[in-house]
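FYI, it's all coordinate maths here, none of it is from the lab. What you see is a predicted model; the values in this text were computed from it and never measured. Virtual Cβ from ideal backbone geometry, glycine too; neighbours counted across all protein chains shown.
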Amino acid sequence: MANTLLKIGGLAVAIGGAYLYMKNKGKKEQAQALAIMQVAEVNPQPAVTTDAGTYTKDEAKKLAMSVVDKVIAQLDQIPKERLADKTLSAIRQEKFDADQKEYKKAKALAVKDKKEQFTFLGKTYTSGVIRGVFSTTVKGGQLVLDGKTTPSFSEFEPSNWFRGETLISTSGFFSPKTLGDFVKNFKKTEWLQLYDSLVNVFTKMPKSEVDSILPILPKYTLLSNKNFAYFTEMNEKNPLTMQETLLLREANLEQYTPKRDSVLGTVLATSFQGGIK
């Protein structure tokens, strides 16, 4: 591309010069000018290229450690009273369990009163009672819309695929239960995931791109954590600017993500998964 542009540029200069020259000279001079123009087209000036290259492994390690240090510095600024915050997944689980308990009470009351339908949280469901008798084959819990029974069941029904037990499994057995757990785990061992990931990125990404996103990474690492209300609040108060978002998007960190190890299960730090689309 650079060679093509230089060809075009060199040709344009030659044409411009030839035009001015021919305007004031005779036929002999015009022929000489045309010859110069043709030489410029066939033998353009060599392209001048600059290759920024990538950082060496040692340089990348220093840069990666600087990001880790800044992330830890941000974690140290979290107010102590917020360290007891539960994960958003745990909070959702607790709410689901509480709602499911109330749902069962509402359904049991409808059965007791021999009502074929009952309402819970603004939605109407079947109770399993048919013509005043509780059915042994139809357990109820089907959603009712406009007076008609639908194939959909309440999410609080034990037979529903989205029952309470599935919520816990999605959060992971070893996931931190509180913000304090997250901070402790990150400082103890998990910072290594971020460090290794960054070293991998910095030794492959062009220096200019690394330099452009380096100041953003400590902030982005925490703002991309969606499992704690504290980080969501941080994002609302101090979100990534449009320029920062564009820089991260163009950097496309996902392309440097190593494949998950089939034995150890190691993967790029979770802060980079998903990225900015």
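Tabulated data for the structure shown
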read-out	value
Sequence of Lys57, Lys204 once ranked by neighbouring C-beta atoms within 10 Å, starting from the fewest	Lys57, Lys204
Amide hydrogen neighbours beyond the local backbone of Val129, cut-off 5 Å, H modeled	Ser135
Span per principal axis, largest first, for the Cα atoms of the range 90-166 (Å)	41, 24, 23
Amide hydrogen neighbours beyond the local backbone of Thr124, cut-off 5 Å, H modeled	Val144
Violating pairs (Cα-Cα greater than 31 angstrom) within the set Lys104/Lys148; Lys80/Lys104; Lys177/Lys219; Lys57/Lys237	Lys80/Lys104; Lys57/Lys237
Computed FRET value (nearest 0.05) for Asp181 with Lys204, which takes r as the C-beta separation and R₀ as 35 Å	0.60
In Hz, Karplus ³J(HN,Hα) per residue of the range 95-100 (6.51, -1.76, 1.60; θ = phi - 60°; x = Gly, Pro)	5, 4, 4, 5, 5, 5
